[in-house]
Amino acid sequence: MHRRLGGRMVDFGGWDMPVQYPAGTIEEHLRTRKHAGLFDVSHMGEIDVRGADAIALVNYLTSNDAAKLVDGQAQYSALTTPAGTVIDDLLVYSFAGDHLLLVVNAGTTTKDWEWITSHHRDESVTLKNVSSDYCQLALQGPDALGILQKLTDLPLAEINYYHFVAGSVDGVPSIVSRTGYTGEDGFEVYAAADKAEQLWNKMLDAGNCGSDTGVLPCGLAARNTLRLEAGMALYGHEIDETTTLLEANLGWICKLNKGDFIGRERLAEQKQAGVHKRLVGFEVTERGIARDGQDVVINGERIGKVTSGSPAPYLKKNIGMAYVPTAVATEGRQIQIDVRGKPVSAQIVKTPFYKREK
């Protein structure tokens, strides 16, 4: 289906994925901001956790507090190492006190599964990697609710952010979650893997695909520029096994009072002592585009690296994120980015770069 729509396919973590469609990344980005974009994110992994100790296990493995979830609620969290660094970031969905679903990144699904199963102690749980059972489609943007409502009797407007309901979409049993990775309102729909094409086509039809204001199929490139404008971390860039959650400004998902979890001791020490480096956002202030991996420079000294850098199509600026020493991680601080040997001026700014109007 992606090929029939003209999607340019690339390898992404072993998956054959569309990076963009004929409309191009900028138009896909802007259509999502102004109307709606449809993303195939079926490559994401899913791990089912069931049993009396489901919450206890997940709370030991992750930094956030799964015990605070009510049925039908999701939370952003992270699998942490003893050093407080990140194995992966993930969503935890609570179906019941004895049933959680972990949604993990595609490229780390195998690593996550091995980490979780190897750190399973004597908890009474059954773990199952159900990644191949699900497709996942993300319909994002201000028109997403109206489009999806045409295909379901579920009262979508009543679903709160980071909550979900089970029901049917176009007659297909589905989980409909008010979540996303674009900074826009929208929904992620989970269903049986063999229903992916049916749901994809119906969402495009319902969104009047082909009109100037209709839904557009969107690829990996637009997904990346949208999440960057929204200041959202990408695993392997802003977070990885070398950066702690506190360095990445993710202290809000570190619930140090919930009891013991992997990495808690180190994170508590780091919170007390303070971090030596911090993730910041920056805006390029002269001609030039910062790219991932380029050096951050102050007074000729290389002090950090760009984790993500790109033009921001909606904001019409060139932006990025980088780790810099805490001493210089202040809004308004002037820095330079080494763009292929040329120092390009930039300024540290508050994130997120873009925040939608409620």
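Derivation of every value follows stated rules applied to the coordinates shown; laboratory data play no part. These figures come from a predicted structure and were not determined experimentally. Please note: Cβ atoms are built from the backbone with ideal geometry, for glycine as well, and neighbour counts cover all protein chains shown.
Structure notes:
- Aspartates and glutamates whose Cα lies under 12 Å from that of residue 150, excluding same-chain neighbours fewer than 8 positions away: 170, 205
- Förster radius 41 Å - calculated FRET efficiency between residue 301 and residue 12 (Cβ-Cβ, nearest 0.05): 0.70
- Relative contact order, percent, the chain [alpha-carbon distance under 8 Å, six or more residues apart]: 18
- Computed 3J(HN,Hα) for the range 248-263, one whole-Hz value per residue from the Karplus formula 6.51 cos²θ - 1.76 cosθ + 1.60 where θ = phi - 60°, is 8, 6, 10, x, 5, 9, 9, 9, 5, 8, 6, x, 5, 8, 4, x, glycine and proline marked x.
- For the range 87-111 and the range 265-320, distance of Cα centres in Å: 28
- Legend: helices of the chain (whole DSSP H runs) are marked when their alpha-carbon atoms reach 20 angstrom or more along the helix axis and their mean Kyte-Doolittle hydropathy is at least 0.5; nothing is marked.
- For a straight C-alpha distance cut-off of 16 angstrom, the lysines reachable from residue 68 (same-chain residues fewer than eight places away being disregarded) are 255, 258.
- Note on residue 111: aspartates and glutamates with a C-alpha under 13 Å away, same-chain residues under 8 apart excluded, are 46, 88, 89, 240, 241.
- Residues with amide H under 5 Å from that of residue 349, placed H, sequence gap 5 or more: 281, 282, 283, 332
- Among 293, 145, 96 the positive-end extreme of the charge dipole of the chain (Cβ point charges): 293
- Mean projected area in nm² (Cα convex hull; one quarter of hull surface) for the chain: 17.7
- Here the range 170-246 is treated as a Stokes sphere of Kirkwood radius computed over C-alpha pairs; at 10 °C and 1.306 mPa s its diffusion coefficient rounds to 107 µm²/s.
- Bins of 5 Å from zero: percent of alpha-carbon pairs in the range 279-358: 3, 17, 32, 26, 13, 5, 2, 1, 0
- Candidates 287, 264, 31: whichever shows maximal mean-square fluctuation once the chain is modelled as a Gaussian network with Cα springs under 10 Å: 287
- In this rough spin-label picture, where each label sits 7 Å from Cα along the Cβ direction, the residue 212-residue 268 distance is 6.1 nm.
- Cβ-derived FRET efficiency at R0 51 Å, residue 331 paired with residue 133, nearest 0.05: 0.70
- Here the Karplus curve 6.51 cos²θ - 1.76 cosθ + 1.60, taken at θ = phi - 60°, turns the phi angles of the range 234-241 into couplings of 10, 4, x, 10, 7, 10, 6, 7 Hz, with x standing for Gly and Pro.
- Each of 42, 156, 9 was placed along the dipole of the chain (beta-carbon charges, centred on the mean Cα), and the one lying farthest toward the positive end is 9.
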